[in-house]
Structures are given as structure tokens and as C-alpha cells.
1. Can you find even one residue in the range 16-38 that is under 24 Å from Thr146 (Cβ atoms) and among the aromatic types (Phe, Trp, Tyr)?
2. Being surrounded by 14 or more Cβ atoms within 10 Å (Cβ to Cβ) and modelled with pLDDT of 90 or more, is that true of even one residue in the range 112-120?
3. Here's a check for you: in the range 168-180, which residue that is of a type in the set (S, T, N, Q) and in a loop (DSSP other than H, G, I, E, B) is farthest from Tyr105 (Cα to Cα)?
4. Among the listed residues Val251, Val213, Val220, identify the single one that is modelled with pLDDT under 85, within 25 Å of Lys176 (Cα to Cα) and among the aliphatic types (A, V, I, L, M).
5. Just a yes or no: is a residue in the range 147-167 part of a strand (DSSP E or B), within 23 Å of Gln91 (Cβ to Cβ), of a type outside the set (Phe, Trp, Tyr) and not assigned by TED's automatic domain parsing to the domain that holds Lys19?
6. Tell me whether the range 86-95 contains one or more residues that are assigned to a loop (DSSP other than H, G, I, E, B), among the β-branched types (Val, Ile, Thr) and modelled with pLDDT under 85.
7. Within the bounds of the range 229-248, is there any residue that is closer than 17 Å to Arg90 by Cα, modelled with pLDDT of 85 or more and basic (Lys, Arg)?
Amino acid sequence: MLDEKSVIPLYYQLKEILKEKIKDSSWEEGLKVPSERELMEFYGVSRATVRKAISELMMEGLIFSKQGVGTFVSKTKITQNLIGELSFNRQAILQGLTPSSKVVYAALESPLPNRIVDIFNLNQTEKIHKIIRVRSINNTPLILETLYIPYKFAPEILNQDLKNITVFNYLENECKLTFTHSTLEIEPIAINEFESNFLEIEVGKPSLSLERVIYFHEQVITIQRRIMRGDRGKFSLTLGEKPKKHEDYLVGIEFNE
């Protein structure tokens with residue numbers, strides 16, 4: 001349920017809960033979304049909170065409204081998987097820029113959304129680390145990043161300097177987690193109020209939403225979500241016809257100062 005003491009606003013928590021229902025198909029395509037009053041009573045929130053959450057789901061194209069009929073779940077968006085992404089810090093340094101991070105939220109969470117449990121193949125009693133950071137270039141916010149890491153893989157990660165460490169290096173070197181491959185889903189979205197506060201960009205501005213699932217063979221180790229400002233960077237893909245090394249398949253980030 002919703003946490004009134006959290007740094008994350010109630011409308012944003014509600015939006016994420018409803019978004020997970022759509023993504024894990026609890027709410028299928030064409031399903032009529034519960035009324036404002038039903039959502040208010042079930043989640044114990046105000047009408048304004050429900051309306052803001054619903055409005056942002058509409059902005060992201062996940063639901064749509066029919067005049068005089070109601071609100072419905074949209075058709076599933078087309079996705080494309082891209083494999084092999086360099087780290088944020090390395091990309092920035094290679095371009096002569098200075099990366100930095102700010103921790104917004106870091107905690108152990110349980111219970112978990114059904115889709116997250118299914119991706120990790122966990123049971124509902126297991127806990128997971130959720131870390132939200134703002135990733136900046138030359139002190140300009142570029143990405144709002146959320147990481148999901150099962151407790152059993154990195155029990156001490158919340159005790160680390162999350163502002164300064166490279167999380168993936170920590171997982172590889174200290175937790176002995178080997179990354180074999182990953183999948184990456186990218187879709188365009190509009191910046192919402194919560195994201196705009198951290199990314200210093202107007203609400204409604206175009207951005208990219210990325211969800212990267214990182215594996216050790218068949219085991220998912222980490223889920224990484226990024227909201228990236230559309231006016232400050234772009235993604236590029238380099239493909240080798242006959243790749244001789246891993247770096248021939250790269251998803252790169254180009255930063256605009």
C-alpha cells in the first residue's frame with residue numbers, strides 16, 4: 001500500500017502501483033479502469049491524488065479516456081531489446097565530462113509488485129533493495145535512475161556510499177556477481193512533476209524511459225530503470241557485422257552540454 005511518510009509523493013506511489021498492474025497484465029488491454037471513487041476508497045487517498053496519478057498514466061500513454069464512457073487500458077506498446085550498455089560514469093568520462101550522483105531514496109522493500117517478483121523469480125517473503133538516484137553531468141541532472149537488487153545478492157549495499165560508488169562495479173567486485181547479458185526496453189514519455197523536481201525540467205517535456213534487466217545466464221540480478229531528459233542526451237547503437245569483442249555491441253549515451 002501507500003506510505004505517507006515516504007519522500008516519494010502519494011500520487012507518484014499510486015501511479016507506479018497502477019502502472020505495475022498494467023505492465024504485469026493484471027489490468028489487460030481494453031480493461032475499464034476503476035472509478036476515481038473506487039481508487040480513493042481502496043487506497044485511502046484524496047480525489048486530487050487519484051486524478052494526478054491517472055493524468056500521468058494518460059501522459060505516458062498507458063491509459064486513455066472515452067468521453068462519457070470511462071477510462072481504459074491502452075494497447076501494449078511495441079518494444080525493442082538492445083543488448084550491452086556501457087556504464088553511465090564510463091560514458092561520461094570517455095567524453096571528457098564529469099559524472100555525479102545524488103541519492104533520493106534507498107531502502108529494503110517488501111512486499112513487492114507482482115511483475116518485479118516474476119522477473120527475479122522471487123517469493124513474496126523475500127526483500128529487495130530499491131535505490132533511486134539522480135545522475136548528473138557537469139552538475140546538470142540528466143537521469144533519474146531506479147535500481148532493484150535482491151537482498152540475497154547484495155546484503156550490505158545500503159551501507160555503501162551510494163552517492164559516489166559505481167553500483168555495478170560493487171556488485172561485480174564485492175558481491176561476485178557476473179553479468180552475462182541484459183535486455184533493454186526503451187519508450188518515449190513525458191516528464192511528470194516528481195521527475196521534473198529532480199531533473200530540473202518542465203513537466204510535460206519529452207524524455208526516454210528505459211528498463212534494463214541484467215542477467216547472470218538465466219538468473220536476473222538487477223533491474224535498472226532510467227528516466228532520461230530528452231533535451232540533454234540521446235542514445236546511439238553501434239553494431240559490429242562480425243564482432244570480435246563485447247564492445248562491438250554497445251548502446252552509447254551522448255551528452256549535450
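The values are calculated or read from the model by the stated rules, or taken from the named source; none is laboratory data. This is a predicted model, so every value here is computed, not measured. Positions of Cβ are backbone-derived with ideal geometry, glycine not excepted, and every protein chain shown enters the neighbour counts.
1. Yes: one or more hits.
2. Taking the range 112-120 as the starting set, the residues that turn out to be surrounded by 14 or more Cβ atoms within 10 Å (Cβ to Cβ) are 112-117, 119-120.
If we keep only those that are modelled with pLDDT of 90 or more as well, we get 119-120.
Yes, the range 112-120 contains at least one residue that is surrounded by 14 or more Cβ atoms within 10 Å (Cβ to Cβ) and modelled with pLDDT of 90 or more.
3. Pass one, the range 168-180, residues of a type in the set (S, T, N, Q): 169, 173, 178, 180.
Checking the rest, the ones that are also in a loop (DSSP other than H, G, I, E, B) come to 178, 180.
On the way: Thr178: 26, Thr180: 28 Å.
Within the range 168-180, the match that is farthest from Tyr105 (Cα to Cα) is Thr180.
4. Details: Val213 fails: modelled with pLDDT under 85; Val220 fails: modelled with pLDDT under 85.
Result of the check over Val251, Val213, Val220: Val251.
5. Going residue by residue through the range 147-167, those that are part of a strand (DSSP E or B) are 147-150.
Subset that is within 23 Å of Gln91 (Cβ to Cβ): 147-149.
Going one step further and asking which of them are of a type outside the set (Phe, Trp, Tyr), we end up with 147, 149.
When the remaining residues are screened for being not assigned by TED's automatic domain parsing to the domain that holds Lys19, the result is 147, 149.
Scanning the range 147-167, I find at least one residue that is part of a strand (DSSP E or B), within 23 Å of Gln91 (Cβ to Cβ), of a type outside the set (Phe, Trp, Tyr) and not assigned by TED's automatic domain parsing to the domain that holds Lys19, so the answer is yes.
6. At the first step, the residues of the range 86-95 found to be assigned to a loop (DSSP other than H, G, I, E, B) are 86-87, 95.
Remaining after also requiring among the β-branched types (Val, Ile, Thr): none.
Among the residues of the range 86-95, not one is assigned to a loop (DSSP other than H, G, I, E, B), among the β-branched types (Val, Ile, Thr) and modelled with pLDDT under 85, which makes the answer no.
7. No: zero hits.
Residue-wise test of (1) farther than 28 Å from Ile131 by Cβ; (2) of a type in the set (A, V, I, L, M, F, W, C); (3) loosely packed, with under 12 Cβ neighbours inside 10 Å; (4) modelled with pLDDT of 95 or more.
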{"site": "Glu4", "(1), (2), (3), (4)": "no, no, yes, no"}
{"site": "Tyr11", "(1), (2), (3), (4)": "no, no, no, yes"}
{"site": "Lys21", "(1), (2), (3), (4)": "no, no, no, no"}
{"site": "Asp24", "(1), (2), (3), (4)": "no, no, no, no"}
{"site": "Trp27", "(1), (2), (3), (4)": "no, yes, no, no"}
{"site": "Gly30", "(1), (2), (3), (4)": "yes, no, yes, no"}
{"site": "Met40", "(1), (2), (3), (4)": "yes, yes, no, yes"}
{"site": "Leu57", "(1), (2), (3), (4)": "no, yes, no, no"}
